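Scroll down for the structure; my scribbles are underneath it.
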Amino acid sequence: MFEEKKTEWLRIAESLKPTLHRETVRPISGIPDHALMENESIILDFGNHFVGHFTLKLSSQGSHPDAPVWLAVKFCENALELNETLDGYAGWISKSWVQQEQVHIDVLPAVFPFPRRYAFRYVKIDILALSSKYQLVIEDASAEVTTSADDSVPVPLISDEKDIAIDRAALRTLRNCMQDFFEDGPKRDRRLWLGDLRLQALTNSVTFQNYDLVKRCLYLFAATADKEGRIAACLFTEPKVEADDTFMFDYSLFFIPTLLQYIQATGDQAAKNDLLPIALHQLVLADAQFDPETQLIRDNDKLGWCFVDWALPLNKQFCAQAIWIYCAQAALQMKADPLLKEKILHRKEAARKYWYDRERYLFVSGVKRQISWASQVWAVLAGIVEGPDAVACLDAAADCPDIVPMVTPYMMHHYAEALCRVSRKTQARQVIRDYWGGMVENGADTYWELYNPENPDESPYGSPVVNSFCHAWSCTPAWFLRSGILEENA
Ligand code: RAM
């Protein structure tokens, strides 16, 4: 499907590849004032989170160097990572993501550019070995850092100090994820994920307003749909543009609200004409997963069939139904379709009929009738429950003792948005101040992929050393604080 369009879509995407803004930055502290010996260790602090290429300028003191310098260099997004180690790492994603190098430098003086692009604030350098006849002098340390965001575009936020600090970290998170495309995290996965893109595009619309980058990403997803026209959950751009062989029910559908949001912000009719058919096609593909009798989505035990949140015990059946409804409603805003309208009503009714526990005001999911925060939040966002019942649903969730909790800032975004939906603006504001404000209080320059105030070691991957600490889906406080959605009458 859409095969004849894909070459042109890819051409459009590549024509929008941004020119990166480049800047050279240097540490604000940590350059030693003395020559270093074996086993010494230093920590350079660049004063903020950056993404770029790091270079050391080295020389020696003492006799002519008679052995190479052997360094271990570690790049850390925040101070907590400085003490983490890979010893005993038993996580299930590759430890090759951890930003550390060991290098030998044979000849001094030397200008030594490090091989990868790193995301960092701190650089820890351990002198593993040199000889006793000379010492190492760090003449200079610098990084050429990049972003495709224009820092002069966002207007200063007028608010109290706490909101300004929360907004600052949100902007930093988004701008450092804005490179050749909207990356999910510049440390990890350095990839374009649809769920992340949707929230980045939203926040971009009230901050950097780089709509060409959003457009580029939409066309990249369209150009890499599979033979059936299914949009992948994520894609790579190097060595060439290619979709990952990962499909998630919710992520494919989120192409629809992302497109809607882009069109509402720009009025780009040409993009709408190009991309609306493939957007609507995601709903058609999703139909195969519904039971035609009950109008309920079938459950699936394949891990990751539908993302929603990183809570491993979470049953996704209810959320998948709600997200389909949410995305179908976005489709209706782009194209009137009475049949789709009717289907939405049926699927809402079915969700209420089979999964609403009227006595408790809560929605259940899966054969085990699991109660999770995610289900209640998505019930509200999809409009499966409205008015006083929606308020009751969120209140009942707060009072439910063994409810499956929310794990990521991605899910917390949806919770805060659901609170706004039911006009609990003060509470939504408090969530932002407590949750994202909590990361700021813990020293965050940029927001993290995972944050559990009760468990600093929270990681869905088996160890926080592979977590990303500048993560796209966490950038939305800037949207909450700047879009007006927190205002009482918005
Ligand atoms: C992880 C990343 C990414 C997210 C996917 C589902 O690999 O954190 O941001 O969208 O999961």
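The values are calculated or read from the model by the stated rules, or taken from the named source; none is laboratory data. Bear in mind that the values here come from a model prediction, so they are computed numbers and not experimental data. As a convention, Cβ positions derive from the backbone with ideal geometry for all residues, glycine included, and neighbour counts pool all protein chains shown. The accessibility values were calculated without ligands, DNA or RNA, using every heavy atom of the protein model including side chains. Shrake-Rupley method; radii C 1.70, N 1.55, O 1.52, S 1.80 Å.
Taking the numbered list (1) crowded, with 16+ Cβ neighbours inside 10 Å; (2) under 21 Å from the mean Cα position of the chain (by Cα); (3) in contact (Cβ under 8 Å) with a residue 60 or more places away in the chain in turn, Ser252 passes all entries but (3). Exactly one residue out of Val123, Val103, Val145 is open to solvent by less than 30 Å² (accessible area, probe 1.4 Å), closer than 30 Å to Arg216 by Cβ and hydrophobic (A, V, I, L, M, F, W, C): that is Val145. Looking at His34, His53, just one residue is closer than 17 Å to Glu144 by Cα, open to solvent by 20 Å² or more (accessible area, probe 1.4 Å) and either assigned by TED's automatic domain parsing to the domain that holds Leu128 or not in a helix (DSSP H, G or I) (or both), and that residue is His53. The test for being in contact with a His (Cβ under 8 Å, 6 or more places away or on another chain) and either hydrophobic (A, V, I, L, M, F, W, C) or not in a helix (DSSP H, G or I) (or both) does not hold for Trp436. Does Asp402 satisfy the criteria of being over 22 Å from Gly383 (Cβ atoms), open to solvent by 20 Å² or more (accessible area, probe 1.4 Å) and in contact with a Cys (Cβ under 9 Å, 6 or more places away or on another chain)? Considered against the rule, which asks whether it is over 22 Å from Gly383 (Cβ atoms), open to solvent by 20 Å² or more (accessible area, probe 1.4 Å) and in contact with a Cys (Cβ under 9 Å, 6 or more places away or on another chain), Asp402 comes out as no.
Which one of Glu449, Glu454, Glu487, Glu441 is surrounded by fewer than 21 Cβ atoms within 10 Å (Cβ to Cβ) and either of a type in the set (A, V, I, L, M, F, W, C) or over 17 Å from Asp167 (Cβ atoms) (or both)? Going through Glu449, Glu454, Glu487, Glu441 in turn, just one is surrounded by fewer than 21 Cβ atoms within 10 Å (Cβ to Cβ) and either of a type in the set (A, V, I, L, M, F, W, C) or over 17 Å from Asp167 (Cβ atoms) (or both): Glu454.
For Ala265, the criteria (1) at pLDDT 95 or above; (2) farther than 15 Å from Leu197 by Cβ; (3) within 25 Å of the chain's Cα centre (by Cα) hold in every case but one, which is (2).
You will find that of Tyr219, Tyr211, the residue that is open to solvent by 20 Å² or more (accessible area, probe 1.4 Å) and touching a helix residue (DSSP H, G or I) at 6+ places or on another chain (Cβ under 9 Å) is Tyr211 and no other. If you go through region 126-142 and keep only what is part of a strand (DSSP E or B) and either among the aliphatic types (A, V, I, L, M) or open to solvent by 30 Å² or more (accessible area, probe 1.4 Å) (or both), you end up with Asp126, Ile127, Leu128, Ala129, Gln135, Leu136, Val137, Ile138, Glu139, Asp140, Ala141.
Conditions tested, residue by residue: (1) hydroxyl-bearing (Ser, Thr, Tyr); (2) more than 14 Å from the ligand (Cβ to nearest atom); (3) in contact with a helix residue (DSSP H, G or I) (Cβ under 7 Å, 6 or more places away or on another chain).
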position	(1), (2), (3)
Asp434	no, yes, no
Gly438	no, yes, no
Glu454	no, yes, no
Asp457	no, yes, yes
Cys470	no, no, yes
Ser474	yes, no, yes
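I'd like the full set of residues that are β-branched (Val, Ile, Thr), surrounded by 17 or more Cβ atoms within 10 Å (Cβ to Cβ) and outside any helix (DSSP H, G or I), limited to region 259-314. Across region 259-314, the qualifying residues are Ile297, Val308. Would region 153-163 turn up any residue that is of a type in the set (Lys, Arg) and within 16 Å of the ligand (Cβ to nearest atom)? No, the conditions are met nowhere in region 153-163. Can you find even one residue in region 229-242 that is polar (S, T, N, Q) and surrounded by fewer than 22 Cβ atoms within 10 Å (Cβ to Cβ)? Checked against the condition, which is being polar (S, T, N, Q) and surrounded by fewer than 22 Cβ atoms within 10 Å (Cβ to Cβ), region 229-242 yields at least one hit.
Within the set Ala398, Ala444, the sole residue that is out of contact with any Ser or Thr (no Cβ under 6 Å at 6 or more places or on another chain), farther than 21 Å from Ala490 by Cβ and in a loop (DSSP other than H, G, I, E, B) turns out to be Ala444. Scanning region 178-196 for residues that are more than 9 Å from the ligand (Cβ to nearest atom) and farther than 12 Å from Cys470 by Cα gives Gln179, Asp180, Phe181, Phe182, Leu192. Of all residues in region 197-231, those satisfying the criterion of being within 16 Å of the ligand (Cβ to nearest atom), under 16 Å from the mean Cα position of the chain (by Cα) and hydrophobic (A, V, I, L, M, F, W, C) are Leu197, Leu199, Ala201, Leu202, Cys217.
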